[in-house]
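Undergrad: After the structure tokens below, expect a handful of questions from me.
The values are calculated or read from the model by the stated rules, or taken from the named source; none is laboratory data. Computed from a prediction, not measured in an experiment: that's the story for all the values here. Neighbour counts are summed over all protein chains in view; Cβ atoms, including those assigned to glycine, are modelled from backbone coordinates with ideal geometry. Ligands, DNA and RNA are stripped out before the accessible areas are found, and what is left, the full protein with its side chains, is counted by its heavy atoms. Shrake-Rupley method; radii C 1.70, N 1.55, O 1.52, S 1.80 Å.
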Amino acid sequence: MAGKTKELKLDIARIGTVSAILTQPDNARACYVLAHGAGADMRHSFMDKVAVGLAERGIATFRFNFPYMEEKKGRPDQPAVAHAAIRAAVEEAARLCPGVKLIAGGKSFGGRMTSQAQSKAPLAGVKGLAFLGFPLHAAKKPSSERAEHLAGIAIPMLFLQGTRDELADLGHLKPVIASLGAKATLHEIEGGDHSFAVLKKSGRTNDEALTEVLDTLAAWIDQLA
């Protein structure tokens, strides 16, 4: 990968400072503010692979830790704290990557917190939201209550979902996405779980499934106005 990776500190107003990483390829055409999931921080191998894979496709990523993860607490932050962290990350990504298309979202919890923040007040400069496994409900408890706020979002949204995702039963997710109209796009990763891992009997590898995720995400970013 031609480009650079920077270790940074992100200041969140009235909350504190967390670690962040900017992965910036040469001549990046977009930057994805990539929030981590509930159980693993920004350095998890999945986050690393997404950052490297997008850099190979000419897209920068700005990763950061939520305060609870930075402080090694077991329980995720309250939504207001998570939203503040996301807003700070978006602002910093825009400063570090001026003039490029800005996208936000992330893995599971991180994506849902980003959509909640956007529904309360638009994230400055963000052209679209991309979810890497939107957590629609708890495992084995299908419902669509966690998606109610999505109706208040006006910018395009991309849902990348594994067909074996136990946190997003497609029977519940598809009607939600249909109700959002043209602004929402669903791309199913056949056989993928919540992290897009596939079974050996599927005939393809986890890396091949992730390649599909990244190719789809990069193409979607490119078609955003």
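Undergrad: Just flag the trypsin sites (Lys or Arg not before Pro) in the stretch 115-155 sitting in loop per DSSP whose Cβ has no more than 15 other Cβ atoms within 10 Å.
TA: Lys140
Undergrad: Calculate, for Lys200 and Lys141, the FRET efficiency according to 1/(1 + (r/R0)^6) with r their C-beta to C-beta distance and R0 30 Å; round to the nearest 0.05. Numbers along the way, then the final one.
TA: Details: r = 28 Å, r/R0 = 0.94.
Rounded to the nearest 0.05, the efficiency is 0.60.
Undergrad: Rounded to the nearest percent, how much of the accessible area of the chain (1.4 Å probe, protein heavy atoms only) is carbon and sulfur?
TA: After summing per-atom areas, the C and S share lands at 51 percent.
Undergrad: Rounded to the nearest 500 deg cm²/dmol, what is the calculated helix-only ellipticity per residue at 222 nm for the chain, with -39500 (n - 2.57) per DSSP H run of length n ≥ 4?
TA: Only helices count here, giving -10500 deg cm²/dmol.
Undergrad: Between Ala219 and Ala154, what's the calculated FRET efficiency when r is the beta-carbon distance and R0 is 25 Å? Round to 0.05. Working shown, then result.
TA: Details: r = 22 Å, r/R0 = 0.87.
FRET efficiency, Ala219 to Ala154: 0.70.
Undergrad: Then there is this: Subtract the Cα-Cα distance of Ala124 and Thr211 from 0.36 nm times their separation in residues, and report this length gain in nm to one decimal.
TA: Once the chain is fully extended between Ala124 and Thr211, it gains 28.4 nm.
Undergrad: Report the extension gain between Thr163 and Glu188 in nm, rounded to one decimal, defined as 0.36 nm multiplied by the number of residues separating them, less their alpha carbon distance.
TA: 8.4 nm
Undergrad: Can you tell me the accessible area per residue over the chain, all protein chains present, probe 1.4 angstrom, in square angstrom?
TA: 45 Å²
Undergrad: When only Cα pairs under 8 Å and 6 or more residues apart are kept, what is the percent relative contact order across the stretch 64-163?
TA: Dividing the mean separation by the residue count of the stretch 64-163 yields 23 percent.
Undergrad: Still on this model: What order do you get for 18-29, 96-107 when each peptide is scored by the mean count of other beta carbon atoms within 10 Å, highest first?
TA: 96-107, 18-29
Undergrad: Could you tell me the distance between the Cα centroids of the stretch 162-191 and the stretch 46-70, to the nearest Å?
TA: Using only Cα atoms to place each centre, the spacing works out to 23 Å.
Undergrad: Around Lys140, under 10 Å between beta carbons, what's the net of Lys plus Arg minus Asp minus Glu among the other residues?
TA: Residues close to Lys140 contribute a combined charge of -1.
Undergrad: Pull up the DSSP beta bridges for the chain and report the antiparallel fraction as a percent, rounded to 5.
TA: 35 percent
Undergrad: Considering only DSSP beta bridges whose two residues both sit in the stretch 1-113, what percent are antiparallel, to the nearest 5?
TA: Expressed as a percentage, antiparallel bridges in the stretch 1-113 total about 55.
Undergrad: Further question: So for the pair Thr5, Glu71, with labels modelled 7 Å out along Cα→Cβ, what separation do we get in nm?
TA: 2.8 nm
Undergrad: Right, next: Expected output is a single nm value to one decimal: the length gained when fully extending between Arg29 and Arg43, i.e. 0.36 nm times separation in residues minus the C-alpha distance. What is it?
TA: My answer for the length gained is 2.7 nm.
Undergrad: Right, here's the next one. Taking a ≥ b ≥ c as the square roots of the eigenvalues of the Cα gyration tensor of the chain, is the shape rounded (a/c under 1.5), prolate (a/b larger than b/c) or oblate? Could you put the intermediate results ahead of the total?
TA: Working: a/c = 1.35, a/b = 1.18, b/c = 1.15.
Verdict is rounded for the chain.
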